[in-house]
1. Between ALA89 and LEU66, how many nm apart are label points set 7 Å from Cα along the C-beta direction?
2. What is the ratio of the Cα radius of gyration of the stretch 5-45 to 2.2 N^0.38 Å, with N the residue count, to two decimals?
Amino acid sequence: MKKKYLYSAAGAASVIGATVAGYFLKDKENRDRVKQKVKNYQNSIRTTFEDAGVPDQSENQDLAQLENAKMVSEGSQFGVQYYTQNKEANTSEYQQ
């Protein structure tokens, strides 16, 4: 019996969320703003990933990047290995 109410509540929340999102995104200015935020977020993730592969050669000098460079200088290769493995996996995936 409780599952029935849970499913109903989840369905109602989904409908309300979709309605609000549709109302908000009907304006072109709002759509452009959301697209720009998504692009900025994706670029920041891509930049962070790329910085992990070359921690001491990065232009970005925030605290996390400096800590990563310090760990690599002390002998840790986790960030570099992670970058290399994922870069190779993505490269081979696109070649197929």
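Here, each number is a calculation from the coordinates, and none is a lab measurement. All values derive from a computational prediction rather than experimental measurement. Because the Cβ atoms are built from the backbone with ideal geometry, glycine has one as well, and the counts that use them run over all protein chains shown.
1. The modelled label-to-label distance comes out at 3.2 nm.
2. 1.57
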